[in-house]
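Nothing in this text is a laboratory measurement; each read-out follows from the coordinates by a stated rule. Fair warning: this is a prediction, and the values are worked out from it, not measured in the lab. Cβ atoms come from the backbone with ideal geometry, glycine included; neighbour counts cover every protein chain shown.
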Amino acid sequence: MSFLPLFCPNPDCAHHQRRTPLLPGEKPWFHRKSHFNTTRNGWVPRFRCKSCGRYFSAQTFSVDYRLRIPTRCQEVLASLYTCQGQRQLARVLGIDASSVARRISRLGAQALGAHARFLQAATPDPEAVFDGFESFARSQYLPLNVNILVGKHSEALFGFNLVFLKRKGRMTANQRIQRDALEADIVRPKGHGSDRAAELFGEYYRLCQARGVEPITFYTDEHRDYPLALKKAGLTGKVAHHTTSSRKARTRSNPLFAVNYVDRQFRKDKSEYVRETTRWAQRPDRMMERVAVYVAWHNLNKPVRVRDKKLKRVTHAQLAGLSKSWVEQEWQRLGRERVFPKREPLREFHRRVWNREDVLLRKDGSDVFGPAEPLWRMRA
Ligand SMILES: [Zn+2]
């Protein structure tokens with residue numbers, strides 16, 4: 001019955017990294033501080049850390065912390081992979097659209113923790129497929145790529161990050177003038193595309209090294225950034241690189257099948273990628289939080305193939321070497337236990353999404369996508 005805190009929620013406290021509430025014979029590191037009554041959760045026990053003096057309660061460790069209305073995580077979560085728009089969901093749940101946005105942001109943070117733990121436990125495929133998924137945020141003048149790195153056999157998502165692109169392709173004279181006016185104002189980081197690809201190649205290589213998986217082959221299309229990215233990651237000659245024309249038929253026998261498949265799932269399941277004329281993302285940093293949720297769902301909960309007798313009971317994470325019980329437990333945990341970033345093995349690409357650093361700036365330092373909502377308002 002009685003709740004025992006596992007660790008102190010203060011990230012700067014010596015007790016923040018604890019993995020057991022109390023060691024045998026150890027004196028408690030916290031004081032019990034009565035209870036408080038809530039209409040939602042009944043009596044909630046309170047504590048005070050002896051080391052840093054921080055007060056906290058059982059609620060501090062729940063995904064619902066500081067929410068008056070229960071999160072209804074399962075519904076919000078489901079909306080992110082069943083092609084439901086945020087306002088539609090707000091109407092269904094009878095809550096404000098901004099409350100939905102806040103819950104999604106929170107679940108994004110939860111999903112980053114889950115993905116980081118997945119990477120720590122999974123066995124990567126010796127063959128991996130890399131691709132950029134093209135979309136845009138706010139306007140068609142601001143296209144972007146969501147890079148994904150997928151195991152060729154497990155089809156599990158091992159890495160994702162964002163690349164801002166310049167609008168190219170066919171435009172009218174007027175559109176071209178508008179594009180050039182906008183571009184003149186934007187600060188574009190140099191070598192951004194190949195840097196971000198290099199980040200994912202490098203992370204995957206280190207993951208394989210840590211598990212003793214070799215030799216490694218990366219499959220990509222013929223984009224000229226990829227050989228450069230492998231060079232930037234210091235992998236030229238260390239890994240095999242196999243390219244396939246993006247014009248080749250996208251069938252099961254196509255070496256890029258794993259990413260083509262995930263691309264198709266994105267288009268099908270995520271409302272902002274469906275039809276570019278009716279719904280789209282407003283902000284790239286928030287979009288990446290939703291990508292994180294999708295990635296966690298894809299790996300931990302989605303059946304590999306719905307129509308296959310055997311594969312409909314298996315998840316992509318299981319094909320990446322994890323047990324069914326581990327995967328189920330992690331999926332439950334995502335919707336329940338609050339993630340604390342300092343306790344999770346977050347990688348650099350996770351950290352950027354967590355801190356909402358995927359933004360594009362103008363020369364005067366302002367955000368191209370308009371003022372951002374402060375992080376503390378969304379997650380705390
Ligand atoms: Zn403490």
The distance between the Cα centres of the stretch 301-329 and the stretch 181-256, in whole Å, is 27
Of the residues T172, G132, F158, the Cα lying farthest along the dipole of the chain towards its positive end, which is defined by charges on the beta carbon of Lys, Arg, Asp and Glu, belongs to F158
For the charge dipole of the chain, defined by +1 on Lys and Arg C-beta atoms and -1 on Asp and Glu C-beta atoms about the Cα centroid, which residue among G370, P11, L144 has the Cα displaced farthest towards the positive pole? P11
What are the DSSP H helices in the chain that stretch 15 Å or more along their long axis, judged by alpha-carbon atoms, and whose average Kyte-Doolittle hydropathy comes to at least -1.0? 97-121, 192-211, 257-269, 284-300
Given the Cα-Cα distance of E222 and D96 and 0.36 nm per residue of separation, how much length would full extension add, in nm? 40.8 nm
Given only helices, namely DSSP H runs of n ≥ 4 each adding -39500 (n - 2.57), what is the per-residue ellipticity at 222 nm of the chain, to the nearest 500 deg cm²/dmol? -11000 deg cm²/dmol
Computed magnitude of the charge dipole of the chain (debye, nearest 20; Cβ of K, R +1, Cβ of D, E -1): 940
Size of charge dipole - the stretch 126-226 - debye, nearest 20, with Cβ of Lys, Arg +1 and Asp, Glu -1, no other charges: 460
Antiparallel content of DSSP bridges confined to the chain, in %, to 5: 75
Read phi for every residue in the stretch 160-172 and hand back ³J(HN,Hα) as whole Hz from Karplus 6.51 cos²θ - 1.76 cosθ + 1.60, θ = phi - 60°, with x for Gly and Pro. 8, 7, 10, 10, 7, 10, 9, 5, 10, x, 6, 9, 6
Please give the peptides 151-160, 256-265 ranked by average Cβ packing (other Cβ atoms within 10 Å per residue), highest first, as a rough proxy for protection. 151-160, 256-265
Which lysines, on any chain, are close to K324 with Cα under 30 Å apart, when same-chain ones fewer than 8 places away are left out? K152, K268, K270, K302, K309, K310, K312, K342
Over 20 Å between Cα atoms, which of K232/K363; K27/K50; K166/K363 qualify? K232/K363
Table column - 3J(HN,Hα) (Hz), the stretch 213-219, Karplus curve with 6.51, -1.76, 1.60, x for Gly and Pro: 8, 6, x, 10, 10, 9, 10
Amide H proximity to K33 below 5 Å, modelled H, separation 5+ or other chain, gives R46, F47, R48
